[in-house]
1. Is it true that B:Val59 is within 16 Å of the ligand (Cβ to nearest atom), more than 8 Å from chain A (Cβ to nearest Cβ), in a strand (DSSP E or B) and touching a strand residue (DSSP E or B) at 6+ places or on another chain (Cβ under 9 Å)?
2. Exactly one of (1) modelled with pLDDT of 95 or more; (2) over 20 Å from A:Ala141 (Cβ atoms) is unmet by B:Tyr4. Its number?
3. Show the residue pairs that are 6+ apart or on different chains and have beta-carbon atoms under 7 Å apart, the first residue being within the stretch A:231-247 and under 13 Å from A:Asp103 (Cβ atoms), the second being acidic (Asp, Glu).
4. Could you check A:Ala57 against (1) at pLDDT 95 or above; (2) within 27 Å of A:Lys98 (Cα to Cα); (3) of a type in the set (A, V, I, L, M) and say which number it fails?
5. Identify, by number, the condition in (1) modelled with pLDDT under 95; (2) of a type outside the set (Gly, Ala, Ser); (3) surrounded by 13 or more Cβ atoms within 10 Å (Cβ to Cβ) that B:Val82 doesn't meet.
6. I'd like the full set of residues that are touching a strand residue (DSSP E or B) at 6+ places or on another chain (Cβ under 6 Å) and away from every other protein chain (no Cβ under 13 Å), limited to the stretch A:204-229.
7. So which of A:Asp144, A:Asp129 ends up being farther than 26 Å from B:Phe137 by Cα, within 14 Å of chain B (Cβ to nearest Cβ) and assigned to a loop (DSSP other than H, G, I, E, B)?
8. Would it be correct to say that A:Phe172 is surrounded by 24 or more Cβ atoms within 10 Å (Cβ to Cβ) and assigned by TED's automatic domain parsing to the domain that holds A:Ser340?
Amino acid sequence: MASDDIWILGITMTKFGKHPEKDTVDLAAEAAMGALADADVNMGDMGVLAAGNLMSAAAGIGQQLQKQIGQTGIPVYNVANACATGATALRTAIMAVKAGECDMGLAVGVEKLAGAGLLAGGSKKDDADTWSPRGRFGAVAPLDGRVGTDTMPGVFAQIGMEYGHRYGGATFDLFARISEKNHAHSTLNPLAAYTKKMSVDEIMGDLMIAYPNTRPMCSANCDGAAAAVVVSGERLATLSGEQRRRAVKVSASVLTTDPWQESCQVLPDVNTLTRNAARQAYEQAGVGPEDLDLVELHDCFATAELVHYDNLMLCPEGGAVDFFESGATWRDGSTPVNVSGGLESKGHPIAATGIANIWEICHHLRGEAGDRQIEGAKVGLAHVIGLGSACGVHILEKAA
Amino acid sequence: MSDYEIMASPIPPQIPLVEYLALEPEPHLVAHECTACGARFFDRRNACAACFAAEFRDVDVATTGELRSFTIVSFAAPGVPVPFVAALVDCDGTSVRGNLVNTEPDPDHVTLGMKVKLATFPIGTDSAGTEAIGYGFEPAA
Ligand SMILES: [Zn+2]
């Protein structure tokens, strides 16, 4: 282990689902203490804390958490970066360690979302009594529903349909079968919010939200938290054999935003920044898509999973439909994708997601994934995207 | 029609739903185009997101186009009428966001690649009697 490498020393996620008896801080504390215990270290070892909670981004979740688990005076970075918040918190801790400011850091992401409805375009504003232009479009009335849609299921439906327009084959049925895969995978994950296998007919016949996304094809709002302890290679070398054996190498940690594209002002472009992040990550890690034993990607909607096969270069450009049809992304395929159940079934407590997907990868690389273990997994990739946009990609490797 | 009737039912004053919708002489959309690189924006920008230049000129956007993507929204915020078709239209190289109107909002009537044209329609009249005009796209058939 080279001294400038970064490693995940401990990582955990809470059960995703409904936690009515726990508040945000309780969940964050459960995940943070779990990660510290998994790492066999304590708050006194931490040199930095990065904490993400999107829905109450101004509340200072990091400092609230310290008061529950240990106030040591270390710097806290409260981060908010849409659905990439968790990955951003992790990357913040990694950067602090990489910069040499400390040799160990803690990253936490937490969200309470059970029962939340639409998260954007969720409240229609009333028309004013007299028309007067407002905002950067000089609009005289709210535009959601009048000029396209602001709802996430609708935005991501268009992202999947646009891929279909460009390359063909992206049918309602295909998207439903992607969802079928993730729901089937979730049956092996005891920490998933939903663990119910669903047939294609059930998925297509369920409540239509935004064609072609029906309800089970949308990420599940739920409560949850995840946390990770990162450590420098130099410090790791001084730790116990057991800690070194279970440590997982962070071979790449990348965060990108969306570069300008012609149509990005009317439909967010989730493709270019993901492709850029993937390219940088493969280069940093010195691995290629063909080396990946498993991938957790941001299937906030079934329509999103399809485009990210292509964006992460798991298939040739334009080949995502054929790639899925080949069975490659099922857990027994050549590139298992979302064996956790993904956001559609495991759930999507926003700020927790970008660390929980890394926990899933680490779980397999450590050989601790039980019934859903991908045998012999050595390299994995975790991807999240937040609209706006921000994309986090991490590549993780089993300790040699 | 007598002069009296014309007086009693004047054409109400109109205002576009968004500033980038021009109603005269024929309804069309207007974009702010970067004079340096040609990137087009419907909202006001401080500088060009593509090349950082800060000079723009107004240009008319083609009123016909091709449906590049769509979704049929069945579940929206309370008060937003559903279902409706939200669409991404390629108007001769400029991407435009707008609803697909004057067609059934179901997958049998909406197809990727279909030719569409700009359509305008009243969305309501305010307390001063001004009518707001919205836009969408309809099948060009
Ligand atoms: Zn420019």
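The values are calculated or read from the model by the stated rules, or taken from the named source; none is laboratory data. In this text the structure is predicted, and so the values were computed from the model without any measurement. Don't worry about glycine lacking a Cβ; one is built from the backbone with ideal geometry, like all the others, and counts go over all protein chains shown. Side chains included, ligands, DNA and RNA excluded: accessible areas come from the protein's heavy atoms. Shrake-Rupley method; radii C 1.70, N 1.55, O 1.52, S 1.80 Å.
1. Yes: the conditions hold for B:Val59.
2. All conditions pass for B:Tyr4, except number (1).
3. Qualifying pairs under 7 Å: A:Val231/A:Asp103; A:Ser232/A:Asp103; A:Gly233/A:Asp4; A:Gly233/A:Asp5; A:Glu234/A:Asp103; A:Arg235/A:Asp103.
4. A:Ala57 satisfies every listed condition except (1).
5. The number of the failed condition is (1).
6. Residues satisfying the conditions are A:Cys222, A:Ala225, A:Ala226, A:Ala227, A:Ala228, A:Val229.
7. On the way: A:Asp144 fails: farther than 26 Å from B:Phe137 by Cα.
The unique qualifying residue is A:Asp129.
8. Details: surrounded by 24 or more Cβ atoms within 10 Å (Cβ to Cβ): no; assigned by TED's automatic domain parsing to the domain that holds A:Ser340: yes.
So A:Phe172 fails the test.
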